[in-house]
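The values are calculated or read from the model by the stated rules, or taken from the named source; none is laboratory data. As the structure is a computational prediction, the values presented were derived from the model and not from experiment. Please note: Cβ atoms are built from the backbone with ideal geometry, for glycine as well, and neighbour counts cover all protein chains shown. These area figures cover heavy atoms from the full protein model, side chains too; ligands, DNA and RNA do not enter into them. Shrake-Rupley method; radii C 1.70, N 1.55, O 1.52, S 1.80 Å.
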Amino acid sequence: MTMGAQASIARGDGTAQELYRPPETERRLSLAFITVGFAHLAVGILLGLLQGLQHAGIDLYAYVPFVRHYYQGLAMHGVFNVLVFTTFFIGGFLFFVAGYGFRRPLVTSGLAWTTFWLMTAGLLLVDWALLTNQASVLYTSYAPLQAHPAYYLGLVLVVVGTWLQLVILLRTFFAWRRENPGKRTPLIAFGALVTLIMWTMASAGIAVQFVGFLLPWSLGWMQGIDPLLSRTLFWFTGHPIVYFWLLPAYISWYFMLPRQVGGRLFSESLARLAFLLFIPLSLPVGFHHQYLDPGVSEGYKAIHAFLTFAVFMPSAMTAFTVLASIETGGRARGGQGRLGWLLRLPWRDPSVAAQLLAMVLFAFGGISGLINASFTVNLVVHNTLFVPGHFHLTVGTASALTFMGIVYWLVPYLSGRRLFSPRMGVWQAWLWFVGMTIMSRGMSWAGVLGAPRRTALGTAPYFAAEWTVPTWLTAIGGAVLTISGLLFFINLIGTLTASPRAEKLEVPVVESAPDGQDPVPGWLDRFAPWVTATAVLVLISYGPTLYRLFGEMSLTIPGLRPY
Amino acid sequence: MDIDRYERLWIMLSAAVLLSLFLALVYSVYALDIRLVDDAGQVDPATAAQTPPFDEPGVYQEGPGRYRVVMVARAWSFQPAEVRVPAGSDVTFQVTSLDVIHGFRVPYTTINQMLIPGQVSEFRFRFAEPGEHYLFCHEYCGVGHHTMQGRIVVETAATGAR
């Protein structure tokens, strides 16, 4: 195994920062993950455009190979964008930030490559089932809609891969701790650990659902399925998964972006606290997706509603700490006045522009999320287009546009080639921002007017005249987003194939606060108490309902493939 | 741990806002009586079509101004597909699905439910004004999902009272 090169450079403030370069094999590994993820996003974006146009009455499915109908395309759009793109990008990014944060090789990069190939093998099964219209069950896999066993097996392999990733990160962490006794966990590696610890606990739901029920049922080993139990297990994972998508963006916003704008981390303690709070608070909230499900008691729905409001707190803290950190950058660059520092930020850096714009839309995504979580108000918006109007601002912008922003420095770093066109990158970020603003506005508006989500609206007999303008906005926004996506992929492919070799590139990482300046209490650098708190909260919020559902379980309902 | 003065203020303000919004929800439940569906019993979808009340879907008057609508959903229709009630009626819906998961949505009302095979959805709504509402399935249930619809006709009290 090649060791990472170490060197020292003098910094402007007189301190010396050790440069670390991860071994070549790890750089190639991260690049492989990111490439597979973005290749699926490319297909996902095009299918999204087809949906937007269909809603506006322009049905192009007849002209697209492989895609037989709206719902097959919708299944691919959802699975590719939120399961494949996110998980693979996050896989590559977390391996990178862990290795770079610990400044040592992963334990081991061989196992990490095994993880990659396992996940890719699973992904090929998923791709095949989706492309042949044998898995048009949408990413929620709601039984008794049934998919080909290959689809369920493939997704299981992808999830097992994420668990292996935690094993590798923990082994690397323990090795680092032996070598660096008494030191605080480096910030970016800390963020990676929190993300995967939370996710691994959260994924218990779909693990039981897929391995215990969906897979044996689709193979004919099990006569029937219990749809309510299946869906409850899905949402056990299905909400915390959004923090699995979000936390990697937070790693960048807290620990990397401030450095990119020339600032510092405003408060290390609160940054760590916000991350750690996501471990216990992400999980006990899944019933807010099941407010309108029969068979789940109103009281437990209310408990989950309260806890959903609680998980809003670490994001509220993030808004302050991240903005304050960015402000230190704007002021260091000579920004004056209340808001003048905003203009002094390096907006011409596509990575910075993409992430700042992602944050702006995330504010609206957070607010619309609060509406969805609002118990009774949700009656107005549940399963309407308001919901995709919300999550295209969160996973579709806060995560996706931030990940694109990260790519603008990370792929040049990993590939050793300069970014093909920074200018095109800035255009891309702004077009995503504008396109998403228009599209999300259209979706939310149509949703409040009652238009259902996950529906081929363009051919629905009950299409209401008042939905016309909002669905057109959705289609126009989708077209702008497609152009933005196109610019992104030209830039990505150009960087990988046609760009000149780069000189030494920097990985932007903020410094940990020097001891004494911002004392970080020990409990903000430990994971066990937070894991225990999670178990307790899950037991209280889910225990009685799951106990009852498993007790009443009747595995009689057969699978159907009405697609 | 040192917390900046403004950051402390921001955190307290955020918590206060969230708490007030939550209290508004508590108010909507207890004072406005907007309720969410609860556990209303189970029914085996294989035999539901022969099991009361789902063996005879329809509209039943239960008292002055009170109706019960028993409905079944299957891909891709509701039975009955049309419901007629007089204006001013309190209607209790009792609905289940016979095959896959469906939805039940009537725009501009608080009627918004999931229909899960094996589970009974029970919910109430007061149709105060005469008029026509359309209802449709809002959960993906196969290639014909977007054609799954029904109608609720609220008749003026004079013609509706039968």
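Of the residues A:Ile58, A:Ile90, only one is open to solvent by less than 20 Å² (accessible area, probe 1.4 Å) and of a type in the set (A, V, I, L, M); which?
After ruling out the rest, the residue left standing is A:Ile90.
List the number of the failed condition for A:Tyr70; all other conditions in (1) within 14 Å of chain B (Cβ to nearest Cβ); (2) out of contact with any Asp or Glu (no Cβ under 9 Å at 6 or more places or on another chain); (3) in contact (Cβ under 8 Å) with a residue 60 or more places away in the chain hold.
(2)
Name, by its number, the condition in (1) among the hydrophobic types (A, V, I, L, M, F, W, C); (2) open to solvent by less than 40 Å² (accessible area, probe 1.4 Å); (3) in contact (Cβ under 8 Å) with a residue 40 or more places away in the chain that does not hold for A:Ala129.
Result: A:Ala129 fails condition (3) only.
Which residues, counting only those in the stretch A:160-198, are touching an Asp or Glu at 6+ places or on another chain (Cβ under 6 Å) and crowded, with 19+ Cβ neighbours inside 10 Å?
Selection gives A:Thr185 alone.
Within the stretch B:41-68, count every residue that is in contact with a Pro (Cβ under 8 Å, 6 or more places away or on another chain), surrounded by 19 or more Cβ atoms within 10 Å (Cβ to Cβ) and not in a loop (DSSP other than H, G, I, E, B).
Going through the stretch B:41-68 one residue at a time, the tally reaches 0.
I'd like the full set of residues that are more than 8 Å from chain A (Cβ to nearest Cβ) and of a type in the set (A, V, I, L, M), limited to the stretch B:33-67.
Within the stretch B:33-67, B:Val43, B:Ala48, B:Ala49, B:Val59 meet the criteria.
For the structure I just gave you, tell me whether A:Arg331 is touching a helix residue (DSSP H, G or I) at 6+ places or on another chain (Cβ under 7 Å), open to solvent by 10 Å² or more (accessible area, probe 1.4 Å), more than 14 Å from chain B (Cβ to nearest Cβ) and of a type in the set (D, E, K, R).
Yes: the conditions hold for A:Arg331.
So is A:Trp432 open to solvent by 30 Å² or more (accessible area, probe 1.4 Å) and in a helix (DSSP H, G or I) or not?
The answer is no for A:Trp432.
Within the set of pairs 6+ apart or on separate chains, which have a first residue in the stretch A:279-302 that is more than 7 Å from chain B (Cβ to nearest Cβ), a second that is of a type in the set (D, E, K, R) and assigned to a helix (DSSP H, G or I), and C-beta atoms under 8 Å apart?
Cβ pairs passing all conditions: A:Phe287/A:Lys301; A:His288/A:Lys301; A:Gln290/A:Arg231; A:Gln290/A:Lys301.
Could you please let me know if A:Val387 is within 14 Å of chain B (Cβ to nearest Cβ) and either open to solvent by 10 Å² or more (accessible area, probe 1.4 Å) or modelled with pLDDT of 95 or more (or both)?
Taking the combined requirement at face value, the residue satisfies it.
Does B:Gly142 meet the test of being open to solvent by less than 10 Å² (accessible area, probe 1.4 Å) and not in a strand (DSSP E or B)?
yes
Taking the stretch A:243-266 as the region of interest, how many residues are open to solvent by 10 Å² or more (accessible area, probe 1.4 Å) and not in a helix (DSSP H, G or I)?
5
Against the definition (assigned to a strand (DSSP E or B) and in contact with a helix residue (DSSP H, G or I) (Cβ under 8 Å, 6 or more places away or on another chain)), how does B:Thr92 come out, yes or no?
no
Filtering the stretch A:365-384 down to residues that are more than 21 Å from the chain's Cα centre (by Cα) and without any contact (Cβ under 8 Å) to a residue 60 or more places away in the chain, which residue is farthest from the other protein chains (Cβ to nearest Cβ)?
A:Val377
Which members of the stretch A:496-550 meet the condition of being open to solvent by 30 Å² or more (accessible area, probe 1.4 Å), among the hydroxyl-bearing types (Ser, Thr, Tyr) and not in a loop (DSSP other than H, G, I, E, B)?
The answer is A:Thr497, A:Thr532, A:Tyr547.
Right, B:Leu98: of a type in the set (A, V, I, L, M, F, W, C), in contact with a Lys or Arg (Cβ under 9 Å, 6 or more places away or on another chain) and either closer than 24 Å to A:His289 by Cα or touching a residue at least 40 places away in the same chain (Cβ under 8 Å) (or both) or not?
Yes, satisfied.
Which residues, counting only those in the stretch B:83-101, are within 14 Å of chain A (Cβ to nearest Cβ) and over 16 Å from the mean Cα position of the chain (by Cα)?
Within the stretch B:83-101, B:Leu98, B:Asp99, B:Val100 meet the criteria.
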